Structures are given as structure tokens and as C-alpha cells.
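The structure appears below as C-alpha cells.
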Amino acid sequence: MPNGKGSPDCHNCSYYRPIEKVNRCRKHGIFIPTISYEKICSDWQHKDTKTRKPFPGLKPGILYYYSYASNQVLEPLYPFDRLDRPITILTVAAGEDSEFGWVLYPRKGQYPRFPEPGGTLSIRVEDSVTTFASIDAQRLSPRHNVTNEGEVQSTWNTEDVRIIYCASSPDGLYLWLDRYIDVAACLKSYRKLFPISPKIYVLLEINPETGLYTLRPDIYWCGPYGRGTYRRGHYRMRVIKGFTGWMKLMLSTPEGRQTLRKVLPLMIRQGVKRKLERIRDRRRVKS
């Protein structure tokens, strides 16, 4: 469990029940998806403190997900009627490759979930199923450090990476992402600071029965570039509301207060870093 005892999650709910290494909910009988975010429903209660309903407005019959470390609010993950089987959801980077167009970059720990180099896989993108291929290649990978003066220092290394690409539609991932995120604005903003295209993270659902993969947008990477309901103003109000509820819950338990003491310094450093980046960005625009 990535968050510890203080943050609401299915794994510290009194109804959580692992059976033969499969995560189940004793109250609703659903399978709990494997995903690198916190999961919660309207009936959650802490297994030790019996704290209930830390987030107002959750609808019954829906499993939500959120990130305790990024000050976000909750979003629907699945209705309960979809959780009648085990589901694994990976967080995978999508980005532009110089040879194959827009591709997926799995992390090394995710390689066993994908075909070996030379193999193929079927990925559902909205209403169509597309064939992707797997290949290993060497690519330059940057590492960025921000100095005390706010300057960005970049170093480059050659790394072996696995690439999941679509030969028949090299720009297919870009067109799909652009439905949810203003990809052009995101790239423009990033390239002002770094000489390389950013990675935009997506959710990739794996059906163990059929072997079919399904792409979903990851709302936590939409941010200010999100389209529709994720436009900048709507996004900020959701963050403020969610962060306030999260803080109240964390302060209500000893475990939560202990988690805050560990997490808050990191959050402050990240906030200062983002502020310095915005100041430097404005200065460059003016010059």
C-alpha cells in the first residue's frame, strides 16, 4: 500500500478481504482493481479508527480513485457492476518517439505485462481495437536538476527502453490524447524549459481473461491543459475542495498526523520548485 495507514484506501478499509491473493470487498463482493492510486467508495471506513466518509458527495455503487500525494480530488474509476472480475490498471507514459511517432513507454517493472520484443498486442482506443507492436531500443534519457538559483541543469544518458508502437497509425495516440488534453499547449510549455518532449501518463487496463488492453486518460495528468470539465478554473476549484477535505481527515487521526509530518515537507519543496519554474518561464517570455 503506497500511502500508509492514515490515508483512505480500500486496503485499510474494514471491509477489505484478500482471498488467494485476489483483492475483494466483503461488503459489496466486488474485485478491487490493481492501480497505483488510492481507491475508495462511499461506504469506506478505517479498519482501526472506524472513521467514515472522509470525502463528501461520493455516490453509492461507484469506486473512485485519487492520489493522496498530489492534492487532487476523487474521480470515478468503475461502477460496481464492472468489477465482477480482477482488473489490472497500469500507469504508462505516452510520448513522441523520433522513429515510431507517438508511442507508449512501459517502466521496466511493467515489462512482464507486455509481449516480448517482436510480439504484438491489441489495444482498445475508444470504440476501435488497434494492433500495436513491442520493440526494445536505445534512447537518450534526460535527468533534470534545479539549482538553488532556479536554473535547470540537464544531463543525458543512453538507456534501453521498451516501446509499444502502432505502425499503421503513428499519430493515433496523439489524436486520442488531444481529445482530453491540449497536447500542443502542453508541449509548448514544457519545451520552454527542456529540449525534449514530455511524457504524458495514461491508464492502461488489462483484461486477464481476453488479453485485451484498453486505454483511458489519466485525469491527474490533464491539469491546466485538460479539455472540457478539466479546464483550468474548474480544475483549480476541484483541487482546493479536495485538498481541504484531505487535510481535515489527516488531522483527525494519529496515523494521519504522522503521515502529514512526512509528506508536507516534500509537498512544500515541490510547490517552491513549480513556483520558480513559473517565474523563470515568465522572465523568458518577457525577454
Checking the conditions here, which among 194, 243 is assigned by TED's automatic domain parsing to the domain that holds residue 165 and modelled with pLDDT under 80?
194
Identify, please: which residue in the stretch 99-129 is among the polar types (S, T, N, Q) and closer than 24 Å to residue 179 by Cβ and is, among those, surrounded by the most Cβ atoms within 10 Å (Cβ to Cβ)?
122
Is at least one residue of the stretch 121-133 in contact with a Phe, Trp or Tyr (Cβ under 9 Å, 6 or more places away or on another chain), more than 30 Å from residue 23 (Cβ to Cβ) and modelled with pLDDT of 90 or more?
yes
Condition set at pLDDT 90 or above and part of a loop (DSSP other than H, G, I, E, B), scope the stretch 60-83, selection surrounded by the fewest Cβ atoms within 10 Å (Cβ to Cβ): answer is 60
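The values are calculated or read from the model by the stated rules, or taken from the named source; none is laboratory data. Because the structure is predicted, anything quoted here is derived from the model rather than measured. No Cβ is skipped: glycine too gets one built from the backbone with ideal geometry, and neighbour counts run over all protein chains shown.
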